[in-house]
1. Could you tell me whether Ala132 is touching a helix residue (DSSP H, G or I) at 6+ places or on another chain (Cβ under 6 Å), over 19 Å from Met28 (Cα atoms) and aliphatic (A, V, I, L, M)?
2. If the Cβ limit is 7 Å and pairs must be 6+ apart or interchain, which residue in the range 44-59 that is in contact (Cβ under 8 Å) with a residue 60 or more places away in the chain pairs with which residue that is assigned to a helix (DSSP H, G or I) and crowded, with 16+ Cβ neighbours inside 10 Å?
3. Filter the range 111-127 down to the residues that are among the β-branched types (Val, Ile, Thr) and in contact (Cβ under 8 Å) with a residue 24 or more places away in the chain, then identify the one that is surrounded by the fewest Cβ atoms within 10 Å (Cβ to Cβ).
4. How many of the residues making up the range 129-156 are over 15 Å from the mean Cα position of the chain (by Cα), within 15 Å of His111 (Cα to Cα) and either of a type in the set (S, T, N, Q) or surrounded by 13 or more Cβ atoms within 10 Å (Cβ to Cβ) (or both)?
5. I'd like the residue in the range 51-84 that is of a type in the set (Asp, Glu) and under 28 Å from Trp150 (Cα atoms) and, out of all such residues, is nearest to the chain's Cα centre (by Cα).
6. Identify the residue in the range 60-77 that is farther than 22 Å from Gln116 by Cα, touching a residue at least 12 places away in the same chain (Cβ under 8 Å) and not basic (Lys, Arg) and, among all such residues, is surrounded by the most Cβ atoms within 10 Å (Cβ to Cβ).
7. Check Leu108, Leu141 and return the single one that is modelled with pLDDT of 95 or more and either farther than 16 Å from Ala18 by Cα or of a type in the set (Lys, Arg) (or both).
Amino acid sequence: MKPNIGISEKNLSLIVAALSTVLADEMMLYIKTRKFHWNVAGDSFMELHKLFENQYKQLEEDIDAVAERINKLGSKTIGTVHEFSKQSSIKEAPGKYPVSKDMIRELLKDHEAIIQSLRKYVDDCADKYKDAGTADFLTGLMEEHETTAWILRRYF
C-alpha cells in the first residue's frame, strides 16, 4: 500500500532515489572502514583499530536507519553488494592496503564527499520535495559525518 503522507508519488520516488544513493554510500564506506580496521598496522595500531571499529559501528546504525527511512516512505530497499557498488560514489580499491595515514586520509575524503551529497539532499528534500522529515533525518546524518570528518582531520 502506498503511503498517504502529503508527498506526491513523484516526489516520493525522487526522495527514495536520493536515500538509496545515501544508503549505497554508507554501505561502501562501512565496508572500507571495516577493511581498514582489519588491516591497520604500525605505531598507532590499537588506537586506529579502535577508532575504525567505533566508526563502522556508527555506520551500521546509520545504514539501518536509512534503510528503514526508505521503507517508511513505502519503498523497497536495495540490499546487494552489486547494487551498492553500482549506486555509490564511494569507490573500492581491491588489493590495496594503504598505510595508516593514507587510510585516515581516504576515509576523511569519503566522509567529506558524503557530507557534500547530504547537504544537497537536505536542501532538495526541504525545498523541492517538501519533505521536512527526510530533510531533518539527513541533517542528523550529515552532522554525524561532520563529527567523524573532524576527528579524522585532527590526525593531520
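1. Numbers: touching a helix residue (DSSP H, G or I) at 6+ places or on another chain (Cβ under 6 Å): no; over 19 Å from Met28 (Cα atoms): yes; aliphatic (A, V, I, L, M): yes.
Considered against the rule, which asks whether it is touching a helix residue (DSSP H, G or I) at 6+ places or on another chain (Cβ under 6 Å), over 19 Å from Met28 (Cα atoms) and aliphatic (A, V, I, L, M), Ala132 comes out as no.
2. Here the result reads Gln55/Thr33; Gln55/Thr148; Gln58/Glu144, each pair linking the range 44-59 to a residue that is assigned to a helix (DSSP H, G or I) and crowded, with 16+ Cβ neighbours inside 10 Å.
3. The residue in question is Ile115.
4. 4
5. In the first step, residues of the range 51-84 are kept if they are of a type in the set (Asp, Glu); the result is 53, 60-62, 64, 68, 83.
After this cut, where a residue has to be under 28 Å from Trp150 (Cα atoms) as well, the list is 53, 60-62, 64, 68.
Numbers: Glu53: 16, Glu60: 10, Glu61: 10, Asp62: 7, Asp64: 11, Glu68: 14 Å.
Only one residue tops the list, namely Asp62.
6. Leu73
7. Of Leu108, Leu141, the one residue that is modelled with pLDDT of 95 or more and either farther than 16 Å from Ala18 by Cα or of a type in the set (Lys, Arg) (or both) is Leu108.
Here is a yes/no grid of residues against (1) in a helix (DSSP H, G or I); (2) in contact with a strand residue (DSSP E or B) (Cβ under 9 Å, 6 or more places away or on another chain); (3) farther than 22 Å from Glu9 by Cα:
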| residue | (1), (2), (3) |
| --- | --- |
| Met46 | yes, no, yes |
| Glu83 | yes, no, yes |
| Pro98 | no, no, yes |
| Arg105 | yes, no, yes |
| Asp123 | yes, no, no |
| Thr134 | yes, no, no |
| Met142 | yes, no, yes |
| Leu152 | yes, no, yes |
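The values are calculated or read from the model by the stated rules, or taken from the named source; none is laboratory data. Please read all numbers here as calculations on a predicted model, not as lab measurements. Every residue, glycine among them, receives a Cβ derived from its backbone with ideal geometry; neighbour counts consider all protein chains shown.
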